[in-house]
Each structure stands twice: as structure tokens, then as C-alpha cells.
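The values are calculated or read from the model by the stated rules, or taken from the named source; none is laboratory data. Given the structure is predicted, the values throughout are model-derived calculations rather than measurements. Here the Cβ positions follow ideal geometry from the backbone for every residue, glycine too, while neighbour counts run over all protein chains shown. Side chains are part of the model used for accessible areas, which takes the heavy atoms of the whole protein and leaves out ligands, DNA and RNA. Shrake-Rupley method; radii C 1.70, N 1.55, O 1.52, S 1.80 Å.
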Amino acid sequence: MTRTVYVNGEYLPETEAKVSIFDRGFLMADGVYEVTSVLGGKLIDFDGHAIRLARSLNELDMNNPISKEDLLVVHRELVRVNEIDEGMIYLQITRGAPSDRDFAFPDPDTTPCTIVLFTQNKPGLANSPAAKVGMKVISIEDIRWGRRDIKTVQLLYPSMGKMMAKKAGADDAWMIEDGFVTEGTSNNAYIVKGNTIITRALSNDILHGITRAAVLRFAQEAQMDVEERNFTIEEAMQADEAFITSASTFVMPVVEIDGAILGDGTPGRVAPRLREIYLEESLKKAI
Ligand code: PMP
């Protein structure tokens, strides 16, 4: 089936969708994105993603080209026409395509933002076998820019980080700055000690994960303790458990960090439970 995508107000077959070579997303990574997961044909945490999108645009002085209501309509229409039961919707908004390459921002009145959405079909997303085995991470230096709270499409270093992990026989990398773990290449990072979940506090240093917010809320509701503080990779290597969260992986246990095996090397008690609660509660609120 040819995928139907959305580009600047039109639904098109993916083979006919086009963006200008002068688009600032292409030339300057001048754009932001969101990934919303779909379970049972419904959107998980759509509101959270729409709110963060508006914030990212605002932080970069970009106009928001679409209302939340219209954005929901587009998401739902793409799910419908592409018959997505489990998967993701990728959304990207760039500062548009001026008539030439220039570092200065174009006038938003004459250069409208580019907006693109497409679906990613991932049957079995919720029942991922990886969640039963757990993942291995390595640590790498965090050399990204200082506004990681803005969800920009500058993903070269995270991409390189995934390749470094792959080369080392691991699944992902946790990044380290000034001796402390910031986050994973495309996810938030957590360790567990006893009944306490430890994760870095929100700041410009990390992306404010939508899944993070939900999982911390569910953890507290389930009487688990949450400590939002810095932790080192050495502390992580000695933790009882570790895990990551993101919209596309939900809660995923980590069983090995820089070669150190956590517990007995299988997902512990907390991460799988949180995954279960997250999926159950999010599905209830899916729209
Ligand atoms: N941190 C980074 C660097 C990410 O790229 C992502 C996912 N895009 C996350 C955290 C997790 O955010 P969310 O739960 O909103 O997907």
C-alpha cells in the first residue's frame, strides 16, 4: 500500500510529496518535530505532544502554522487512510523555504512554515520482544548544543551515538556531561535503587519527555519514590535496574551499562511494571 502523507495542507501519496531544496529544514536543520505513537488506532498523549510542539516553535520564534484541533484532524486522517493500528505519526515543521539560502530568518509573512506528517506502521509495537529481554547501553560524551529542551531536527549527533552503540554491540548510548548522565540518544534515562526511581531533573540539558511526565506520575501514584537528580554512569552501573522512556518505546528496561550487568541481566521488577501501567493507562486516555 502506498503511504499517504501530509504536506502543507495536502494529503498525497508519498511518491508525490515534495519539499523545496531551499527549505531551511534541509539546509540548516531549522525545524522541530514530534513523534506520537498509535495504539489500537488511537493517539497516545496527543495533547502533550501538541503542547510541546507549540513550545518548541515559540522558543525558536517560529509561527505555529496549525491549530491543535486541525493537527488532531490530520493525525486521525493519516491513521485512518493508512490503516495504522500500531505505529507512530512523525510530524515536522520547518521555517519554510525562502527564495535563496541565507542565515537570517526569512520574513514569516512571505515565507510560510513547511509542515509534513507521515505515518510509520509498526505492528507489535506494544508487545515488543525487546521489552522482555532488555537493552544494552554504552556511555558517550554529550556534545550536543545547549537547548536540548527544544525538539529540533538536529539529530546528527544522536544518530552518530546510535552508530557508536551498534559498533560496540549495544542498543543505544547514554550521554554524559560534566560527569553526569543527561539522557539517551532518543529517550530519557532512569535508574532504580530499591523502590526509588532516579532521573535527571528537567532543564535545558534534556528533552522534556512526554512519556517521562506520564511515567513519573504513574510511578508516584503506584507509591514508588521518585528522585529527580543527577546520577553518574558509575552509580547507574551499580543500580538495581535501569530503563528508558520515549513515545515509541514506552518504557524499555536496560540490563547492561558499559558492560556492567544489572541484577541478573534480565529486566527487573520496576521497569516491566511501569511499562504495563503506562500502556494500560495511556490506552484508556488514547484519542
Ligand atoms: N530525549 C530525547 C533526546 C529524545 O529524542 C526523545 C524522543 N524523541 C526523548 C527524550 C523522549 O521524549 P518523548 O517521551 O516525548 O518521546
message: Please go through the range 115-136 and give me each residue that is part of a helix (DSSP H, G or I) and either open to solvent by less than 80 Å² (accessible area, probe 1.4 Å) or within 20 Å of Lys42 (Cα to Cα) (or both), ordered by number.
response: Ala130, Ala131
statement: Scanning the range 227-243 for residues that are within 29 Å of Lys122 (Cβ to Cβ) and in contact with a helix residue (DSSP H, G or I) (Cβ under 9 Å, 6 or more places away or on another chain) gives Glu241, Ala242, Phe243
task: Looking only at the range 166-174, decide whether some residue is assigned to a loop (DSSP other than H, G, I, E, B), of a type outside the set (D, E, K, R), within 13 Å of the ligand (Cβ to nearest atom) and out of contact with any Asp or Glu (no Cβ under 6 Å at 6 or more places or on another chain).
output: no
field: Residue match in the range 171-181 (condition: aliphatic (A, V, I, L, M), closer than 22 Å to Gly263 by Cβ and open to solvent by less than 30 Å² (accessible area, probe 1.4 Å))
entry: yes
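Taking the criterion of being assigned to a helix (DSSP H, G or I), within 16 Å of the ligand (Cβ to nearest atom), open to solvent by 60 Å² or more (accessible area, probe 1.4 Å) and free of Cβ contacts under 8 Å to residues at least 24 places away in the same chain, would at least one residue in the range 203-223 satisfy it?
Scanning the range 203-223 turns up at least one residue that is assigned to a helix (DSSP H, G or I), within 16 Å of the ligand (Cβ to nearest atom), open to solvent by 60 Å² or more (accessible area, probe 1.4 Å) and free of Cβ contacts under 8 Å to residues at least 24 places away in the same chain.
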Residue check, Arg148 within 14 Å of the ligand (Cβ to nearest atom) and open to solvent by 60 Å² or more (accessible area, probe 1.4 Å): no
